[in-house]
């Protein structure tokens, strides 16, 4: 008998069927991956299993150990042994590791918190799973990977039998991903069932016993991992064959749009330069890739050029053939630059507002002949962009918070494009979005360069950098580590360039 | 952005009707033409200030200094008129300039020196109260000298002659009909969702009856009060500014997500300074109306009005975190607050109980709002 069985589960929202007669079985002690594009219904499934959507708000049956499960709240699900690690961590930065783990369930003696018990029991848990964490460390001072571990320990401290991990590696470095995967294996060996939700097929194939693919709210297939291959899973996720992963059509580079000459930049609060002697030219119709290791200064370069942070020490920036001296995002946008940030929820979107509100937000001056916004002009532009980008939503008045990650990313891109920029900075434009949406973003990049726009693309994914750039600049410790054409570059050469100044320093 | 007939809007209407039924049963005078005329003047004062508060709350700020400011600005105008014999328009012009400068300065301090609005305006609350008492020397300063009327006093004593009241009502209704039909055809042209034609007609009929009832009632006393016309003008202006200008969109954008607003090239500092400057203009206008309604500047004019303004906004669905709020909601919130105060005064309820009742209504209204808006939107 499966430990958990889902039968004919359907969840409707106004105007949308998020889950459509899903079936799913979970064997005790297995690691079961769920793969699907953003918007396929993974998050909804998790929210039903964890009791956020209570029984009665969906159709169909859930059986836990053969008994019907009727969760009315996350507390019920927790009591039944189901815990969730969400993409967005829910920790209190000002509190210690131990305080966070026992938050809301503090052991008490005579009505006062028994701090000895809190720390002793945390120590015990950390030792049992051999986790390198200090119970007394302040959570805000830990890295994202360590914070993730705290979340997991928190879940384990409450007699968890089934652990749901929702995109747990989205914000982790490679090393941290390795540690996390080992912990999941360790949990399995202790008999804890894990549901692992991820876009990253290499992780899924490294760890899962079985893989279930869902698409458009339906369960498509369940495989034994050993008996399938990534290509098949991708095909099932997308519902079509993806022949060419990186469909870059090299354009005809035109005149120089952005020229950076011997630029040295200091951090706003630090004296040591964060960027040193940077020079490059970005041409119309070109995709210039910007690579490097974490902390090499890629985002800092974009942030400086866009007027967000950093202080010029020396050097020049030329925009469209003229010296550029802007100091704010407003100046940058007026000069014809636009930046699409890697953190779209924080830096890109007004989640509670509509798609239309967000699309036109940075371009309102264009729709305002005198004092009032011309609603006709605005809606016409919004509608055109909405259709051109293929945003999947009922209409322009849909709130952005209800969209999937890929569609939210399209809205952010649309807002940038609406300003009619000559130069576009893309910072990790495909982070956290699914294979199908990635393809659409790549296709969009092609269309933009066809129109003569210049694109500066920051990416941590080597294949993306190699696949989508016409030329590649590698930053290393804030300096240029190397410049390569598409033909010259391969992963080894780029990695060597990224390490160049590390060697010098050591 | 579309105004839906949601449960929230109805709950405000129901609360209002219950309040009116209660006071109507307790006192015959409450629903009489004379009292409703008074109530409408009191509403005009409360609601005008609340509309200014909306402009400040939308980008996620707050202004606690407006109550003291109402006293101070009204006081400056009174002193200039009564003691220095300035013509009323000149005195009011000077007072408006003072208000614009003060609120501009507060806005500038908030954005340039990064002192939280809560603290700047809390300081303002105390400082303006002190300045106010200095200006009027703790005395009672009438808004006009002797028995001569002036435009200052007329703010709450002038009534539109009945015939003009009917004309104004008809004009407003015609404008509403034209506006809704035009908006509807534009929405259809852009393939946006529109309400059923029957619902629209029903809405227009209700609006027509409401307007007619209002004009008839006001005309049974002295006519439509000038202050109500001022409120209508301010409400229309604030609605237009918040909904149909880049400045207004920017207010919502800053309140909704300030970091995203910065990266979208929105001039945050300019927007906030302008929001506070507009607040200053509205404080001045409210100061004149409130002082004129009291007949003179006395030390208590404006007391706690900042709290009524915030309460009206919040009851009307404005978020204290910013990014959410509408003119129509604020007007309803102000009507609820004004009705309560008016009714309690009519029943000669003691000041102690009045405070308790106002506080209770505020808490109840927000609690109701939280309960009703707990419908989670569908997720990704």
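The values are calculated or read from the model by the stated rules, or taken from the named source; none is laboratory data. Small disclaimer: the values here were computed from a predicted structure and weren't measured. Neighbour counts are summed over all protein chains in view; Cβ atoms, including those assigned to glycine, are modelled from backbone coordinates with ideal geometry.
Quick notes on this structure:
- Index of the failed condition, residue A:330 passing every other in (1) within 11 Å of another protein chain (Cβ to nearest Cβ); (2) in contact with a helix residue (DSSP H, G or I) (Cβ under 8 Å, 6 or more places away or on another chain): (2)
- Residues that are facing chain B (nearest Cβ under 10 Å), in contact with a helix residue (DSSP H, G or I) (Cβ under 7 Å, 6 or more places away or on another chain) and either at pLDDT 90 or above or at positive phi (or both), drawn from region A:401-417: A:408, A:412, A:415
- Number of residues in region B:254-279 that are farther than 16 Å from residue A:328 by Cβ, in a helix (DSSP H, G or I) and at the interface with chain A (Cβ under 7 Å from one of its Cβ atoms) equals 1.
- Selection within region A:7-39: residues that are at negative phi and within 10 Å of chain B (Cβ to nearest Cβ). The member of this set that is modelled with the highest pLDDT is A:11.
- Counting only strands (runs of 3 or more DSSP E) that sit wholly inside region A:259-355, those with at least 2 residues that are over 30 Å from residue B:58 (Cβ atoms), under 20 Å from the mean Cα position of the chain (by Cα) and touching a residue at least 24 places away in the same chain (Cβ under 8 Å) are A:287-292.
- Matching residues in region B:157-167 - criterion: being closer than 17 Å to residue B:220 by Cβ and in a loop (DSSP other than H, G, I, E, B): B:161
- When region A:40-56 is filtered for residues that are over 26 Å from the mean Cα position of the chain (by Cα) and either part of a strand (DSSP E or B) or within 14 Å of chain B (Cβ to nearest Cβ) (or both), only A:54 remains.
- Breaking point among (1) at negative phi; (2) touching a helix residue (DSSP H, G or I) at 6+ places or on another chain (Cβ under 7 Å); (3) in a loop (DSSP other than H, G, I, E, B), for residue A:253: (2)
- Residue ranges of helices (runs of 4 or more DSSP H) in region B:42-156 with at least 3 members within 30 Å of residue B:261 (Cα to Cα): B:88-113, B:117-136
- Put simply, of B:291, B:345, B:286 the only residue that is under 21 Å from residue B:227 (Cα atoms), in the same structural domain as residue B:54 (by TED's automatic domain parsing) and without any contact (Cβ under 8 Å) to a residue 60 or more places away in the chain is B:345.
- Residues in region B:175-209 that are under 30 Å from residue B:288 (Cβ atoms) and free of Cβ contacts under 8 Å to residues at least 12 places away in the same chain: 2 in all.
Okay, residues lined up against (1) over 28 Å from residue A:414 (Cα atoms); (2) surrounded by fewer than 18 Cβ atoms within 10 Å (Cβ to Cβ):
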position: A:449; (1), (2): no, no
position: A:463; (1), (2): no, yes
position: A:476; (1), (2): yes, no
position: A:493; (1), (2): yes, yes
position: A:497; (1), (2): yes, no
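- Number of residues in region A:185-209 that are under 22 Å from residue A:125 (Cα atoms), part of a helix (DSSP H, G or I) and touching a helix residue (DSSP H, G or I) at 6+ places or on another chain (Cβ under 6 Å): the value is 0.
- Matching residues, region A:220-249, being surrounded by 14 or more Cβ atoms within 10 Å (Cβ to Cβ), within 28 Å of residue A:7 (Cβ to Cβ) and modelled with pLDDT under 90: A:232, A:233, A:234, A:235, A:236, A:237, A:238
- In the condition set (1) touching a strand residue (DSSP E or B) at 6+ places or on another chain (Cβ under 8 Å); (2) under 20 Å from residue A:262 (Cα atoms), residue A:309 is compliant with all but (1).
- Answer residue from region A:210-219, given it is touching a helix residue (DSSP H, G or I) at 6+ places or on another chain (Cβ under 7 Å) and farther than 14 Å from residue A:30 by Cα and is surrounded by the fewest Cβ atoms within 10 Å (Cβ to Cβ) among those: A:215
- Restricting attention to region A:376-390 and to residues that are assigned to a helix (DSSP H, G or I) and surrounded by fewer than 17 Cβ atoms within 10 Å (Cβ to Cβ), the residue that is farthest from the other protein chains (Cβ to nearest Cβ) turns out to be A:388.
- When residues of region A:418-447 are limited to those that are within 21 Å of residue A:364 (Cβ to Cβ) and in a loop (DSSP other than H, G, I, E, B), the one nearest to the other protein chains (Cβ to nearest Cβ): A:419
- Selected residue (criterion: surrounded by the most Cβ atoms within 10 Å (Cβ to Cβ)) from residues of region A:356-375 that are in a loop (DSSP other than H, G, I, E, B) and more than 7 Å from chain B (Cβ to nearest Cβ): A:374
- Note on region B:196-240: among residues that are more than 13 Å from every other protein chain (Cβ to nearest Cβ), crowded, with 17+ Cβ neighbours inside 10 Å and under 22 Å from residue A:375 (Cβ atoms), the one that is farthest from the chain's Cα centre (by Cα) is B:238.
- Criterion: part of a helix (DSSP H, G or I) and surrounded by fewer than 16 Cβ atoms within 10 Å (Cβ to Cβ) - qualifying residue of B:191, B:243, B:187, B:182: B:182
- Residue check for residue B:250: within 14 Å of another protein chain (Cβ to nearest Cβ), under 30 Å from residue B:275 (Cβ atoms) and over 19 Å from the mean Cα position of the chain (by Cα): yes
- Filtered residue count, region A:279-309, keeping only those that are over 15 Å from residue A:480 (Cβ atoms), more than 14 Å from chain B (Cβ to nearest Cβ) and either crowded, with 21+ Cβ neighbours inside 10 Å or modelled with pLDDT of 90 or more (or both): 5
- Any hit, region B:310-320, residues being away from every other protein chain (no Cβ under 11 Å), more than 18 Å from residue B:46 (Cβ to Cβ) and either in a strand (DSSP E or B) or out of contact with any strand residue (DSSP E or B) (no Cβ under 6 Å at 6 or more places or on another chain) (or both): yes
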